[in-house]
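The values are calculated or read from the model by the stated rules, or taken from the named source; none is laboratory data. What you are looking at is a predicted structure, and each value in this text was computed from that prediction instead of being measured. When we count neighbours, we look across all protein chains shown, and the Cβ atoms used for this are built from the backbone with ideal geometry, even at glycine.
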């Protein structure tokens, strides 16, 4: 049967099933990350991004497809996290722009929308790299456009888009050597394929039970009873929040899933209690609903999906929420002319930024990528007339730039990719200068510091001739893995040795939650034995993920 157009109901189904498909496979996409270190989680970021868009679509009652594509684009824009999430949101921003004013979509209009999405996404990336999600999107759109020249059937065009995405994904290791070296396809491209496959399944009418919504009154009342009052929250320190993500899921226990496990509520609760605290898990035999505070929402999703199909999911960053509560409870908000906003994690690092003049800190970084909306909220709460943002992580820069584009005040982005670069850039901040002049001066300082990070490997692999073993310590210099060693002190010392040159003078070491001041001192002592001309500074950064953050100036 030929389908000549997509109406609003069919488009809703496409979005719904695509959201389900990427959510179901987010952990698999995460596993394709090239670097064997804990990072921003491509699958999780893409899942949260499209879930935000899907929520906006579900709240729009319009019968015009163009109104729904607009809601999808705006929702994804505000929920975009990480580079993969931002690029995905840009693909659908272009998709929306090509569908304005359309009640339905024909085969040609569908193909044009995908093509315009690709053009928009390529423009959004400063230096597009082939072998990534961009390649998958481009080839998929090309295949869809070619098919639209031969048929009026929208399902045939969507099939061609999916086949093009599959073909392009298989080619990514040939276009990006690091992918071939590690033996994986591009994670963002794989995530996009899952989204497009979901579109096709939704268009073909695959039967997913995502629409079922049980009575949530009892669960919501229990959750509300657990929330603390503002006066109590304001007496807590943000860094004292052990499990920072308020995570909620619903599981359709009647749905068939591969390797489905038998559901037992008590065992279900027992396992989830090991993933966090403030746990509530209820079930009526058909639906299970979970509320838990955890540091790893993906683990909750993965576990719940073994018993049925995940429906509604929700994640809130409680650290950011807590900061908002503290601000409100103080009943005052200092209005500044020029605000500097930085992304950081770890109480010590936050204090370092504040001591250098940063007005607002967004909790985040590696494994916690702030969304576009998080940046917009921070900019508004600053009360400033203009602002500078320091992302301090390469995977966050695009979300920050996207926020700057829609901000009501002039906002400049200094593309700092590490905490060390961010702290160094602050030395050149001039509150009396313009946004553009500050961006130029602060950006020039980024190359004056060499950044080092020490973390643990999450798997065995080999990158750039460095043989990596799971659980070994990795020394990463300006984003490149240079050292692998089972000993933390030796790894850090060797990494710093590789960071030095004849002009090096000051070494700053920030130890994290999983390291100690004594271990940092051991590193200093090892280096002082052969470098009596260097000056060392040690700070308690308190950061997660990285045992040590190091800067050499």
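Here the helices (runs of 4 or more DSSP H) wholly within segment 1-88 that include at least 2 residues being without any contact (Cβ under 8 Å) to a residue 40 or more places away in the chain are 42-58, 65-79.
The strands (runs of 3 or more DSSP E) located wholly in segment 366-461 that include 3 or more residues which are over 30 Å from residue 491 (Cβ atoms) occupy 386-390, 411-413.
Identify, please: which residue in segment 458-488 is surrounded by 17 or more Cβ atoms within 10 Å (Cβ to Cβ) and modelled with pLDDT under 90 and is, among those, farthest from residue 392 (Cα to Cα)? Show your work before the answer.
Of the residues in segment 458-488, the ones surrounded by 17 or more Cβ atoms within 10 Å (Cβ to Cβ) are 458, 461, 463, 468, 472-477, 481-485, 488.
Still in the running and modelled with pLDDT under 90: 458, 461, 463.
On the way: 458: 23, 461: 27, 463: 24 Å.
By that ranking, first place goes to 461.
Of the set (1) in contact with a helix residue (DSSP H, G or I) (Cβ under 8 Å, 6 or more places away or on another chain); (2) under 15 Å from residue 14 (Cβ atoms), all apply to residue 109 but (1). In this structure, is residue 404 touching a residue at least 60 places away in the same chain (Cβ under 8 Å), under 26 Å from residue 45 (Cα atoms) and buried (at least 17 other Cβ atoms within 10 Å of the Cβ)? Criteria not met by residue 404. No other residue among 340, 282, 358 is outside any loop (DSSP other than H, G, I, E, B), touching a strand residue (DSSP E or B) at 6+ places or on another chain (Cβ under 8 Å) and at pLDDT 65 or above apart from 340. Within segment 99-110, if we keep just the residues that are out of contact with any strand residue (DSSP E or B) (no Cβ under 7 Å at 6 or more places or on another chain) and within 20 Å of residue 150 (Cβ to Cβ), the residue that is surrounded by the most Cβ atoms within 10 Å (Cβ to Cβ) turns out to be 107.
One residue stands out among those in segment 344-376 that are closer than 20 Å to residue 297 by Cβ and free of Cβ contacts under 8 Å to residues at least 60 places away in the same chain: the one that is surrounded by the fewest Cβ atoms within 10 Å (Cβ to Cβ), which is 374.
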